[in-house]
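Working notes for the structure below.
The values are calculated or read from the model by the stated rules, or taken from the named source; none is laboratory data. Just so you know, these numbers come straight off a predicted model, no measurement behind them. Methodologically, a virtual Cβ is constructed for each residue, glycine included, from the backbone with ideal geometry; neighbour enumeration extends over all protein chains shown. Note: areas computed on protein heavy atoms with side chains; ligands, DNA, RNA excluded. Shrake-Rupley method; radii C 1.70, N 1.55, O 1.52, S 1.80 Å.
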Amino acid sequence: MNMRFRDPELPLKQRIDDLLSRLTLEEKCSLLRYDAPAIERLDIPSYNWWNEALHGVGRAGKATVFPQAIGMAACWDPGFIESVASAISDEARAKHHEAKRKGSHQQYQGLTFWSPNINIFRDPRWGRGQETWGEDPFLTGELGAAFVRGLQGEDEKHLKTAACAKHYAVHSGPEPLRHQFDACPSLKDFEETYLPAFKRLVDEKVECVMGAYNAVYGEPCNGSKLLLEDILRKRWGFEGHVVSDCWAIRDFHEHYKVTSSIEESAAMALKAGCDLNCGSVFCDALLDAVNLGLCSVEDVERALRRLLSTQFRLGMFDPEETVPYASIPYDVVCCEKHQQLALEAAERSIVLLKNKNNALPLDGDTKAAFLVGPYAANVEVLLGNYFGFSPKMSTLLEGVTQYAPPELKLDFRKGCLSDRPNYNSRDWSTFEVSNVDAVIAAVGLNPNIEGEEGDAIQSSSGGDRIEIGLPENQKSYLLTLAEAIRKRKESTRLIVVVFGGSHIAMPEVQDVADAILHAWYPGEAGGEAIARILFGKCSPEAKMPITVPVSLDVVPPFEDYSMSGRTYRFMRPDNILYPFGYGLSYTRFEYGKISLDRDELRHGETLAVKVDVTNCGDFDGGEIVQCYARMQDNEGEGGSPKLVAFNRVFLRTGETKTVALQLNTSRLLHYNDDGSSIPFTGKLNLFVGGRAPIDVSPTEGLPGPQSVGLVVLD
């Protein structure tokens with residue numbers, strides 16, 4: 001039989017047409033489910049579309065484990081993120097082909113990855129916020145697009161792997177309500193905050209978009225004409241395929257009650273533009289829906305064409321020797337190069353939040369150190385969620401042991417539990433701190449406390465957080481520890497290392513600690529990376545991708561999707577503990593005068609912004625140069641500053657470099673209350689520096705950004 005669909009020289013459309021002509025209607029329907037069965041008569045193996053690569057190939061055994069996405073977001077470096085994603089896709093290809101050669105086609109061994117998560121981390125309680133790239137639509141879009149480039153590769157004919165932008169749209173908790181929640185933000189917030197990152201990834205040619213569990217304006221996302229047809233396909237020109245979140249289509253009739261049967265739900269999703277069902281609805285009812293006239297054969301074939309296009313571009317029907325990525329050897333998995341990349345990613349993700357009197361790095365005067373806390377020897381806090389498994393996992397205890405000088409006296413006690421008071425009230429660690437020069441306390445959250453529904457088994461709210469501070473027992477322990485230190489040896493430094501994937505409001509700890517590091521969930525090399533920072537082998541350079549409020553008291557209700565009172569753009573400065581874009585270094589950077597390539601800017605043009613940055617300190621280090629715009633209209637009214645450009649520069653001690661930033665006028669769009677876009681005209685104030693132009697404390701060692709004005713014309 002001449003199966004022309006297997007001829008890699010034929011045009012894509014002809015190959016798809018040929019394969020479609022050979023399939024029965026029942027077979028076509030079966031291929032629209034995530035666990036697509038084999039079509040044995042055509043020698044087509046089964047394929048499972050559900051695969052994970054959030055921060056490394058997930059749930060498929062051995063893989064390099066990079067920092068959780070929110071930690072990588074703190075790097076603020078699209079080029080570096082692309083290199084991480086390229087390493088992930090190398091390992092994915094190698095693992096896929098190794099499994100395929102051995103006849104294995106199991107879940108998590110495929111090439112279609114349901115990453116990245118580009119939802120906006122708008123509320124600190126959301127357990128899945130750790131999967132995102134932060135709170136800012138522009139930063140999220142740029143980092144998400146870089147991740148897509150790294151996953152999908154640069155070959156014109158073949159995809160390296162297929163990336164997925166999720167969860168579309170307006171999705172960020174509460175986790176227990178996700179199967180029935182109707183998100184109804186203002187049209188202004190919808191367009192300005194919740195959609196831009198998805199638009200950016202569509203422009204980057206992301207292959208897949210995943211619909212969210214929730215509804216938007218009364219329509220379940222996976223059956224929404226507004227989202228899937230009007231915006232995604234017609235307005236943005238998306239050409240890839242759409243997948244439902246898992247078992248989300250079942251919610252149509254079980255929770256939203258917009259349909260009265262499983263057949264109606266299947267038809268509604270398919271006709272709206274959902275091509276692939278993660279779940280059982282298409283498996284159980286799609287063929288019946290067609291036979292009942294609820295949807296048509298043409299609807300089925302339209303969806304299948306999109307899915308087959310992805311599979312053909314992945315080379316699934318081609319001889320391996322014609323697919324450029326099929327020859328990647330298996331020994332690339334967890335190779336030394338990728339392990340070093342994971343270490344660099346961890347180092348560059350860790351944010352220095354406080355460093356009173358240069359408490360860090362630990363120097364030669366530190367003769368004795370005491371490591372305490374529930375996470376000092378804990379592996380789970382390296383992983384986050386949606387993780388793979390590395391044979392090389394470095395806890396903080398292991399990292400400190402590796403980098404501690406031989407003359408340093410080092411001891412370790414857990415001191416307190418992660419989320420409840422000690423059963424035994426006697427704790428020797430608070431007594432033993434009297435004999436040391438530095439106490440390193442490893443505290444924070446873990447993936448059992450915050451995460452996805454059904455995953456965070458210590459959470460009493462379906463994976464979300466009820467409070468946003470440290471667990472009360474950990475806070476109490478730290479305060480007791482600090483008091484013991486001050487009573488017995490005033491010079492002892494209290495260094496707090498905080499793990500967690502979200503905002504941690506800890507003003508009391510900010511007051512008593514000498515230094516604070518936010519380590520996120522730092523991946524396989526986390527302990528080594530933290531130790532290298534502690535002992536001054538490298539200087540911290542990460543910046544916060546989120547705004548940490550002083551307490552939950554200043555945060556709007558979780559179910560309120562208005563942006564008022566949220567994120568750096570809309571939060572009152574006196575409600576902020578750690579601002580967006582904030583992060584300290586061991587060195588000191590000075591900024592020269594800002595220069596612009598024009599004084600007036602017209603729409604459609606790109607503004608070149610340049611500034612000289614000098615490393616005036618004693619450490620080599622990286623700096624994230626940030627540019628914010630505050631738009632002032634012709635009546636003098638101005639909005640909040642928003643991020644419009646950023647760039648990283650690495651400087652040796654005493655070195656000066658000119659940093660270039662590009663500002664496109666598309667970033668100056670704003671929206672009316674009816675959702676219509678307005679090209680900005682008027683005076684534009686630009687702020688350039690190492691942090692956001694927000695007057696908050698702490699900002700130790702970080703001078704305020706410089707400002708310069710120009711006029712934007714029609």
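Pick from Lys28, Lys62: which is touching a residue at least 60 places away in the same chain (Cβ under 8 Å), closer than 30 Å to Val300 by Cβ and among the basic types (Lys, Arg)?
Lys28
Being under 26 Å from His158 (Cβ atoms) and over 20 Å from the mean Cα position of the chain (by Cα), is that true of even one residue in the range 253-261?
Scanning the range 253-261 turns up no residue that is under 26 Å from His158 (Cβ atoms) and over 20 Å from the mean Cα position of the chain (by Cα).
If Arg630 satisfies every condition in (1) touching a Phe, Trp or Tyr at 6+ places or on another chain (Cβ under 9 Å); (2) assigned to a loop (DSSP other than H, G, I, E, B); (3) of a type in the set (D, E, K, R) but one, which is the exception?
(2)
Identify the residue in the range 158-178 that is among the aliphatic types (A, V, I, L, M) and in a loop (DSSP other than H, G, I, E, B) and, among all such residues, is surrounded by the fewest Cβ atoms within 10 Å (Cβ to Cβ).
Leu159
Using beta carbons and a limit of 9 Å, which pairs, at least six apart or on different chains, have the first residue in the range 471-492 and within 19 Å of Pro374 (Cβ to Cβ) and open to solvent by 20 Å² or more (accessible area, probe 1.4 Å) and the second one charged (D, E, K, R) and at pLDDT 95 or above?
As it stands, the answer is Lys475/Glu508; Leu479/Glu508, since those pairs meet every condition given.
Tally the residues that are among the small types (Gly, Ala, Ser) and either open to solvent by 10 Å² or more (accessible area, probe 1.4 Å) or free of Cβ contacts under 8 Å to residues at least 60 places away in the same chain (or both), restricting the search to the range 328-357. Can you show your working first?
Restricting attention to the range 328-357, the residues satisfying the condition of being among the small types (Gly, Ala, Ser) are 342, 345-346, 349.
Then keep just the ones that are either open to solvent by 10 Å² or more (accessible area, probe 1.4 Å) or free of Cβ contacts under 8 Å to residues at least 60 places away in the same chain (or both); that gives none.
Residues meeting the conditions: 0.
Does Leu702 meet the test of being modelled with pLDDT of 95 or more and either surrounded by 12 or more Cβ atoms within 10 Å (Cβ to Cβ) or part of a strand (DSSP E or B) (or both)?
Working: modelled with pLDDT of 95 or more: no; either surrounded by 12 or more Cβ atoms within 10 Å (Cβ to Cβ) or part of a strand (DSSP E or B) (or both): yes.
So Leu702 fails the test.
Among the residues of the range 673-698, which ones are surrounded by fewer than 17 Cβ atoms within 10 Å (Cβ to Cβ), of a type outside the set (Val, Ile, Thr), in contact with a strand residue (DSSP E or B) (Cβ under 6 Å, 6 or more places away or on another chain) and farther than 22 Å from Pro573 by Cβ?
Ser677, Gly682, Lys683
Just to be sure before I move on: is Gly709 within 17 Å of Tyr582 (Cα to Cα) and either modelled with pLDDT under 95 or not in a strand (DSSP E or B) (or both) in the structure I sent?
no
At least 1 residues that are in contact with a Cys (Cβ under 6 Å, 6 or more places away or on another chain) and closer than 21 Å to Val649 by Cβ in each: list the strands (runs of 3 or more DSSP E) lying fully within the range 568-607 that qualify.
Of the strands (runs of 3 or more DSSP E) lying wholly inside the range 568-607, those with at least 1 residues that are in contact with a Cys (Cβ under 6 Å, 6 or more places away or on another chain) and closer than 21 Å to Val649 by Cβ span 589-591.
Does Phe646 meet the test of being within 28 Å of Glu344 (Cβ to Cβ), modelled with pLDDT of 95 or more, in a strand (DSSP E or B) and open to solvent by 50 Å² or more (accessible area, probe 1.4 Å)?
When the stated conditions are applied, Phe646 does not pass them.
Any chance you could count how many residues in the range 422-438 are within 16 Å of Tyr477 (Cβ to Cβ), surrounded by 13 or more Cβ atoms within 10 Å (Cβ to Cβ) and free of Cβ contacts under 8 Å to residues at least 60 places away in the same chain?
4
Surrounded by 20 or more Cβ atoms within 10 Å (Cβ to Cβ) and outside any loop (DSSP other than H, G, I, E, B): does that describe Phe387?
No: the conditions fail for Phe387.
Please determine, by comparing only the residues of the range 523-581 that are without any contact (Cβ under 8 Å) to a residue 24 or more places away in the chain and among the small types (Gly, Ala, Ser), which one is surrounded by the most Cβ atoms within 10 Å (Cβ to Cβ).
Gly565
Can you tell me which residue within the range 303-322, out of those that are part of a helix (DSSP H, G or I) and open to solvent by 20 Å² or more (accessible area, probe 1.4 Å), is farthest from Lys160 (Cα to Cα)?
Arg305
Just wondering, is there one or more residues in the range 257-264 that are surrounded by 24 or more Cβ atoms within 10 Å (Cβ to Cβ) and either farther than 18 Å from Val170 by Cα or in contact with a helix residue (DSSP H, G or I) (Cβ under 7 Å, 6 or more places away or on another chain) (or both)? Spell out how you get there, then give the answer.
Residues of the range 257-264 that are surrounded by 24 or more Cβ atoms within 10 Å (Cβ to Cβ), as a first pass: none.
Scanning the range 257-264 turns up no residue that is surrounded by 24 or more Cβ atoms within 10 Å (Cβ to Cβ) and either farther than 18 Å from Val170 by Cα or in contact with a helix residue (DSSP H, G or I) (Cβ under 7 Å, 6 or more places away or on another chain) (or both).
Quickly run through the range 230-267 and pick out the residues that are of a type in the set (Lys, Arg) and not in a loop (DSSP other than H, G, I, E, B). Steps first, answer last, please.
Within the range 230-267, the first condition is being of a type in the set (Lys, Arg), and the residues that meet it are 233-235, 250, 257.
Within the range 230-267, Arg233, Lys234, Arg235 meet the criteria.
Any residue at all in the range 609-618 that is under 28 Å from the mean Cα position of the chain (by Cα), under 24 Å from Pro545 (Cβ atoms), open to solvent by less than 10 Å² (accessible area, probe 1.4 Å) and of a type in the set (S, T, N, Q)? Break it down into steps so the answer makes sense when it comes.
Residues of the range 609-618 under 28 Å from the mean Cα position of the chain (by Cα): 609.
Restricting the remaining residues to those that are under 24 Å from Pro545 (Cβ atoms) gives 609.
Subsequent filtering for residues that are open to solvent by less than 10 Å² (accessible area, probe 1.4 Å) retains 609.
From the residues that got through so far, the ones that are of a type in the set (S, T, N, Q) too are none.
No, the range 609-618 has no match at all.
Hey, could you check the range 97-145 for residues that are more than 30 Å from Ile576 (Cα to Cα) and within 13 Å of the chain's Cα centre (by Cα) and say which is surrounded by the most Cβ atoms within 10 Å (Cβ to Cβ)?
That would be Ser115.
Does the range 649-671 contain any residue that is touching a residue at least 12 places away in the same chain (Cβ under 8 Å), of a type in the set (Gly, Ala, Ser) and in contact with a helix residue (DSSP H, G or I) (Cβ under 9 Å, 6 or more places away or on another chain)?
Looking through the range 649-671, none of the residues is touching a residue at least 12 places away in the same chain (Cβ under 8 Å), of a type in the set (Gly, Ala, Ser) and in contact with a helix residue (DSSP H, G or I) (Cβ under 9 Å, 6 or more places away or on another chain).
So, in the range 56-69, how many residues would count as being hydrophobic (A, V, I, L, M, F, W, C) and farther than 12 Å from Gly523 by Cβ?
Pass one, the range 56-69, residues hydrophobic (A, V, I, L, M, F, W, C): 57, 60, 63, 65-66, 69.
Filter once more, keeping what is farther than 12 Å from Gly523 by Cβ: 57, 60.
Residues that pass the stated criteria total 2.
What's the number of the only condition in (1) among the charged types (D, E, K, R); (2) modelled with pLDDT of 95 or more; (3) assigned to a loop (DSSP other than H, G, I, E, B) that Asp331 fails to meet?
Only one criterion in (1) among the charged types (D, E, K, R); (2) modelled with pLDDT of 95 or more; (3) assigned to a loop (DSSP other than H, G, I, E, B) is unmet by Asp331, namely (3).
Which of (1) within 26 Å of Gly364 (Cα to Cα); (2) open to solvent by less than 30 Å² (accessible area, probe 1.4 Å) does Asn446 not meet, given it meets every other one?
(1) is the only condition that Asn446 fails.
Return the total of residues in the range 268-297 being in a helix (DSSP H, G or I) and either over 22 Å from Ile16 (Cα atoms) or open to solvent by 10 Å² or more (accessible area, probe 1.4 Å) (or both). Working first, answer last.
Residues of the range 268-297 that are in a helix (DSSP H, G or I), as a first pass: 268-272, 281-291, 297.
Keeping just the survivors that are either over 22 Å from Ile16 (Cα atoms) or open to solvent by 10 Å² or more (accessible area, probe 1.4 Å) (or both) gives 268-269, 271-272, 281, 283-285, 287-291, 297.
Going through the range 268-297 one residue at a time, the tally reaches 14.
Test Leu42 against the criterion of being open to solvent by less than 20 Å² (accessible area, probe 1.4 Å), of a type outside the set (D, E, K, R), farther than 24 Å from Glu336 by Cβ and touching a helix residue (DSSP H, G or I) at 6+ places or on another chain (Cβ under 7 Å), and give yes or no.
Yes; evaluated as a whole, the condition is true for this residue.
Which numbered condition in (1) of a type in the set (A, V, I, L, M); (2) assigned to a helix (DSSP H, G or I); (3) in contact with a Ser or Thr (Cβ under 9 Å, 6 or more places away or on another chain) is the only one that Val300 fails?
(3)
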